[in-house]
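The values are calculated or read from the model by the stated rules, or taken from the named source; none is laboratory data. These figures come from a predicted structure and were not determined experimentally. Every residue, glycine as well, gets a Cβ built from its backbone with ideal geometry; the counts of neighbours run over all protein chains shown.
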Amino acid sequence: MTSNQPSEPYEHGSPEAVVTLREYPSGTVFARHIHSRGQFAYAATGSLKMFTDLGNWVVPPQRALWVPAGVSHEMHMRGDVTMLNTYLDATAASRVGLPEHCQVFAVSPLLRHLFEAALAIDPEQASTVRNQCVLTLLVDEIGAMPQLPLSAPLPAESRLARSCQRFLEAPTQNISISEMADWSSMSRRTFTRNFREQTGMSFVAWRQQVCLLEAMSRLSNGSSITEVAIDLGYSSPSAFTSVFRRNLGDSPGRYLARSKGASMF
């Protein structure tokens with residue numbers, strides 16, 4: 001289900017941070033759009049997938065995605081999503097050192113409570129001492145959150161971009177370098193060299209990262225570990241679990257249990 005571009009709930013003179021809460025049914029898609037402020041999108045429930053010209057990102061439950069101002073992006077909702085968006089002006093984003101590229105972040109219990117407190121602030125009352133303190137602490141806590149490796153770059157070269165988009169439509173460990181080279185109308189050697197130059201990583205590493213991102217999205221949406229392992233071309237659920245743990249520091253089950261065990265705020 002494609003939705004219209006989300007509205008921007010701020011205007012000139014708004015406080016440095018404005019927080020909103022929105023709920024979206026599974027399958028909602030926001031076509032390419034931009035915001036004039038940076039967007040810190042927190043998935044309280046459900047998960048998000050986002051695409052830009054430079055890469056794709058997955059946001060599991062209880063994590064957040066930073067989208068700098070002016071970045072064209074497309075967003076997909078996986079599962080019913082409760083999203084808290086914090087829109088930051090340029091001064092606030094710069095003050096806490098948020099990157100100029102998209103990035104997935106962890107979200108602390110304190111930050112979840114600050115989202116709740118900021119939601120209750122009337123923009124016309126944002127200048128009171130208490131409300132200023134809440135918003136300042138909110139921005140500072142966003143800037144203190146650790147970054148998470150939940151993205152995969154996309155090449156700019158047109159032939160590589162087309163083959164990568166084809167791969168993203170049905171990611172699997174079973175697609176070989178030779179097949180990707182054929183899709184790109186390149187020799188294996190040319191493909192390998194150009195892919196690394198364009199993305200900064202080998203195709204094998206990129207393939208694994210994309211499959212892990214797809215796995216996280218499916219697991220967050222209720223698929224079983226066995227289903228995900230088979231669909232993504234792993235030799236067994238245990239092989240998939242081993243790769244997941246090696247790259248993300250925990251088993252799929254425990255990783256998702258931590259997400260689901262956290263409160264919404």
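Quick one: which of 241, 199 is within 23 Å of residue 52 (Cα to Cα) and among the β-branched types (Val, Ile, Thr)?
Numbers: 241 fails: within 23 Å of residue 52 (Cα to Cα).
Residue meeting the stated conditions: 199.
Only one of (1) out of contact with any helix residue (DSSP H, G or I) (no Cβ under 7 Å at 6 or more places or on another chain); (2) assigned to a helix (DSSP H, G or I) is not met by residue 50, so which one is it?
If we test residue 50 against (1) out of contact with any helix residue (DSSP H, G or I) (no Cβ under 7 Å at 6 or more places or on another chain); (2) assigned to a helix (DSSP H, G or I), just (2) comes out false.
Consider residue 18 carefully, then state whether it is over 12 Å from the mean Cα position of the chain (by Cα), assigned by TED's automatic domain parsing to the domain that holds residue 127 and more than 24 Å from residue 114 (Cβ to Cβ).
Numbers: over 12 Å from the mean Cα position of the chain (by Cα): yes; assigned by TED's automatic domain parsing to the domain that holds residue 127: yes; more than 24 Å from residue 114 (Cβ to Cβ): no.
No.
Of all helices (runs of 4 or more DSSP H) completely enclosed by region 151-265, which ones contain at least 3 residues that are of a type in the set (D, E, K, R)?
Details: elements: 158-169, 177-183, 188-199, 203-220, 225-231, 237-248, 252-261.
Per the criteria, 158-169, 188-199, 203-220, 252-261.
Between 218, 189, 196, which is among the basic types (Lys, Arg) and touching a Ser or Thr at 6+ places or on another chain (Cβ under 8 Å)?
Values: 218 fails: touching a Ser or Thr at 6+ places or on another chain (Cβ under 8 Å); 189 fails: touching a Ser or Thr at 6+ places or on another chain (Cβ under 8 Å).
Just one listed residue meets the conditions, 196.
For region 142-150, state whether one or more residues are assigned to a helix (DSSP H, G or I), in the same structural domain as residue 55 (by TED's automatic domain parsing) and not aromatic (Phe, Trp, Tyr). Don't jump to the end; show me each part of the working.
Keep residues of region 142-150 that are assigned to a helix (DSSP H, G or I), which gives 142-143.
Pick out the ones that are also in the same structural domain as residue 55 (by TED's automatic domain parsing) and you get 142-143.
Narrowing the set further to residues that are not aromatic (Phe, Trp, Tyr) leaves 142-143.
Taking every residue of region 142-150 in turn, at least one turns out to be assigned to a helix (DSSP H, G or I), in the same structural domain as residue 55 (by TED's automatic domain parsing) and not aromatic (Phe, Trp, Tyr).
Give the residues of region 117-131 that are touching a residue at least 60 places away in the same chain (Cβ under 8 Å), assigned to a helix (DSSP H, G or I) and exposed (fewer than 15 other Cβ atoms within 10 Å of the Cβ), sorted by residue number.
119, 123, listed by residue number.
Restricting to region 86-109, what's the tally of residues that are under 17 Å from residue 61 (Cα atoms), of a type outside the set (Phe, Trp, Tyr) and not in a helix (DSSP H, G or I)?
Our first condition is that a residue be under 17 Å from residue 61 (Cα atoms); within region 86-109, this holds for 86, 103-109.
Checking which are of a type outside the set (Phe, Trp, Tyr) leaves us with 86, 103-104, 106-109.
Then drop every residue that is not not in a helix (DSSP H, G or I), which leaves 86, 103-104, 106-108.
Final tally of qualifying residues: 6.
Would you check if residue 144 is within 24 Å of residue 87 (Cα to Cα) and among the small types (Gly, Ala, Ser)? First the steps, then the outcome.
On the way: within 24 Å of residue 87 (Cα to Cα): yes; among the small types (Gly, Ala, Ser): yes.
It is true that residue 144 is within 24 Å of residue 87 (Cα to Cα) and among the small types (Gly, Ala, Ser).
State all residues of region 74-121 that are under 16 Å from residue 137 (Cα atoms), of a type in the set (Phe, Trp, Tyr) and within 15 Å of the chain's Cα centre (by Cα); if no residue qualifies, say none.
none
Can you list residue pairs whose Cβ atoms sit under 9 Å apart, with the first residue in region 186-197 being loosely packed, with under 14 Cβ neighbours inside 10 Å and the second being outside any helix (DSSP H, G or I) and not acidic (Asp, Glu)? Count only pairs 6 or more apart in sequence or on different chains.
190/184; 197/155
If you go through region 133-143 one residue at a time, do you hit one that is more than 17 Å from the chain's Cα centre (by Cα) and among the polar types (S, T, N, Q)?
Taking region 133-143 and keeping what is more than 17 Å from the chain's Cα centre (by Cα), we get 133-141.
Subset that is among the polar types (S, T, N, Q): 136.
Looking for residues that are more than 17 Å from the chain's Cα centre (by Cα) and among the polar types (S, T, N, Q), one finds at least one in region 133-143, hence yes.
Hey, can you tell me all the residues within region 55-78 that are out of contact with any helix residue (DSSP H, G or I) (no Cβ under 8 Å at 6 or more places or on another chain), part of a loop (DSSP other than H, G, I, E, B) and buried (at least 18 other Cβ atoms within 10 Å of the Cβ)?
Across region 55-78, the qualifying residue is only 71.
Quick check, is residue 202 more than 23 Å from the chain's Cα centre (by Cα) and of a type in the set (S, T, N, Q)? Steps first, answer last, please.
Details: more than 23 Å from the chain's Cα centre (by Cα): no; of a type in the set (S, T, N, Q): yes.
So residue 202 does not fit the description; no.
Among the residues of region 224-265, how many are under 20 Å from residue 170 (Cα atoms) and modelled with pLDDT under 90?
Residues meeting the conditions: 0.
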